[in-house]
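Worksheet: one structure, shown below.
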Amino acid sequence: MSYPRQLTPEEKLADAKKQLSLPRIVVICGSTRFMAEMTEADLQETKAGRIVVKPGCDMKSPRELRSDPVEAEALKARLDELHRAKIRLADEVLVVGDYIGDSTRAEIAYARSLGRPVRFTHPEVDPDV
């Protein structure tokens, strides 16, 4: 007797998004020094009918989040994991800005390892071109 193949969690998510008739989900990645550009990209993607998720916390700006270096490093690790979850949720990635740092490079590699298409506002910074 043959049993049907079990769906992976990713396949279950894709199927659920299809059943719910959800628009494409785009996650915005990039250095948080480009928060203004991310806001503009959010506007353009939303106008195009896509659901947008993006970084919600800017660890580069001076604020109390950075006052304790140990807590700030722990928060950054949690935010990085949260952003990887956003990438898993998304259908595609949009990288904003004309600079790619180590964190963004790792996010791009992660997205591509999952088979997510990656677009760039500045294609010349694509580390794989």
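The values are calculated or read from the model by the stated rules, or taken from the named source; none is laboratory data. This one's a predicted model, so the numbers in the text were calculated from it and none came from an experiment. SASA here: full protein model, heavy atoms, side chains in, ligands and nucleic acids out. Shrake-Rupley method; radii C 1.70, N 1.55, O 1.52, S 1.80 Å.
One table, with the values for the structure above:
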quantity	calculated
Contact order normalised by residue count of the chain, Cα under 8 Å, 6+ apart, percent	28
Other-chain or far-sequence residues with amide H under 5 Å of GLY101's (modelled H)	SER31
Karplus-derived 3J(HN,Hα), 6.51/-1.76/1.60, for each residue of the range 110-120, Hz, glycine and proline x	5, 4, 5, 5, 8, x, 7, x, 10, 10, 10
Under-25-angstrom lysine pairs by C-alpha in the chain, whenever the two are 8 or more apart or on separate chains	14
Accessible surface, per residue, of the chain when the full set of protein chains is kept, probe 1.4 Å, Å²	65
Protein accessible area in the range 41-129, 1.4 Å probe - carbon and sulfur %	54
The chain - Rg and Dmax from Cα coordinates, angstrom	16.6, 63
Amide H contacts of PHE120 (H built 1.01 Å from N, under 5 Å, at least 5 apart or other chain)	VAL95
Distance between the range 75-109 and the range 13-47 - C-alpha centres, whole angstrom	12
Nonlocal amide H pairs with LYS54, under 5 Å, H built at 1.01 Å	ILE28
